[in-house]
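Reviewing the structure listed below.
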Amino acid sequence: MTFPYKLVATDLDGTLLRGDDTVSERTREALAAATTAGAAHIIVTGRAVPWTRHILDDLGYEGLAVCGQGAQVYHAGEHKLLTSLTLDRQLAGLALSKIEAEVGPLHLAASRDGLDGEVLVGPGYQVQEGPLPYVFVDDATEMWTAPLNKVYIQHPELDDDALAFAARAAVGSLVDVVMAGAGVVEILPLGLSKATGLSLAARRLGVKAADTIAFGDMPNDIPMFGWAHHGVAMANAHDDLKAVAHEITASNDDDGIAVVLEELLRSAPAQ
């Protein structure tokens, strides 16, 4: 069997993971079949390594993973950080002051760099329920005392789309701003995206963009779709991602990744 792609890149939340944070048996089998047919599987997530590692271990995943919106390339089998890009804290502070000058005070959280980097949560920041660990800090200045890979921002009144739009307009070319999920608007190093991290990982595997199919659900997946040969948006995806997708599949809860991979496997010519 000749599978048409050498690389299958999947986002994690809202894409590979179902609403209960598990991966279905059907999706596991479809990915395993694609791998057997010659394709590598790379997880490409906005989560930093400490918030991703337990899922990879549970999957028995031993390949490369792109974490932290592209900032980190992680070798899951070796539990090793291969590359890591940090956010310039001085630039981030300037960007936050510019955003707050336009929209008023923000609630902040920050992800520290490294294999064991903690997520620090400041006063007022609403953390989503779930198993992901974080450390609450009374004084937001504590967030700036060690290298960071990103800063999370929330606004008491603006929704995610409005906040991301206002932030981008305010910071100009200082940093990048992405919306990565419900209640998750992030400030990143300028020029960083899932595409930059995925291209680094793909180069290590000797695979090109033309050989890649990518799956995602949020606006932070748009650069990845721009890089990959074929971008597939989940049925539950944000409209901005659906607008640039080559294809829309079923939702994450309805095995959307498996639906596409199974069809590709069925139609792949025998060797």
Reported set for the stretch 82-99 where residues are in contact with a Leu (Cβ under 8 Å, 6 or more places away or on another chain), outside any strand (DSSP E or B) and open to solvent by 40 Å² or more (accessible area, probe 1.4 Å) is 85, 86, 89, 91, 94, 98
Going through (1) part of a helix (DSSP H, G or I); (2) open to solvent by less than 10 Å² (accessible area, probe 1.4 Å); (3) of a type in the set (A, V, I, L, M) one by one, residue 31 fails only at (2)
Per the filter on the stretch 156-182, residues assigned to a helix (DSSP H, G or I) and open to solvent by less than 30 Å² (accessible area, probe 1.4 Å) are 163, 164, 166, 167, 170, 171
Exactly one of 56, 132, 115 is outside any loop (DSSP other than H, G, I, E, B) and not β-branched (Val, Ile, Thr), and that one is 56
Discussion item. Condition check: in a loop (DSSP other than H, G, I, E, B) and at pLDDT 95 or above. Does residue 105 satisfy that?
Written reply: yes
Residue 241 passes all but one of the listed conditions (1) under 19 Å from residue 64 (Cβ atoms); (2) part of a helix (DSSP H, G or I); (3) touching a residue at least 24 places away in the same chain (Cβ under 8 Å); the exception is number (1)
Checked the stretch 11-28 for anything crowded, with 23+ Cβ neighbours inside 10 Å and not in a helix (DSSP H, G or I); matches are 11
When the stretch 100-145 is checked residue by residue, the ones that are over 23 Å from the mean Cα position of the chain (by Cα) and open to solvent by less than 50 Å² (accessible area, probe 1.4 Å) are 103, 104, 124, 137, 140
Taking first residues from the stretch 139-155 that are in a helix (DSSP H, G or I) and second residues anywhere that are open to solvent by less than 10 Å² (accessible area, probe 1.4 Å), the pairs with Cβ under 6 Å that are 6 or more apart or on different chains are 140/122; 143/110; 143/120
In the stretch 1-49, anything closer than 26 Å to residue 86 by Cβ and aliphatic (A, V, I, L, M) is listed as 9, 12, 42, 43, 44, 48, 49
Scanning the stretch 223-258 residue by residue, those open to solvent by 20 Å² or more (accessible area, probe 1.4 Å), of a type in the set (A, V, I, L, M) and either over 24 Å from residue 191 (Cβ atoms) or in contact with a Ser or Thr (Cβ under 8 Å, 6 or more places away or on another chain) (or both) turn out to be 235, 248, 250
Given the structure, is residue 164 farther than 30 Å from residue 75 by Cα and under 18 Å from the mean Cα position of the chain (by Cα)? yes
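The values are calculated or read from the model by the stated rules, or taken from the named source; none is laboratory data. As the structure is a computational prediction, the values presented were derived from the model and not from experiment. Neighbour counts are summed over all protein chains in view; Cβ atoms, including those assigned to glycine, are modelled from backbone coordinates with ideal geometry. Just so you know, the surface numbers come from the protein's heavy atoms only, side chains and all, with ligands and any DNA or RNA stripped out. Shrake-Rupley method; radii C 1.70, N 1.55, O 1.52, S 1.80 Å.
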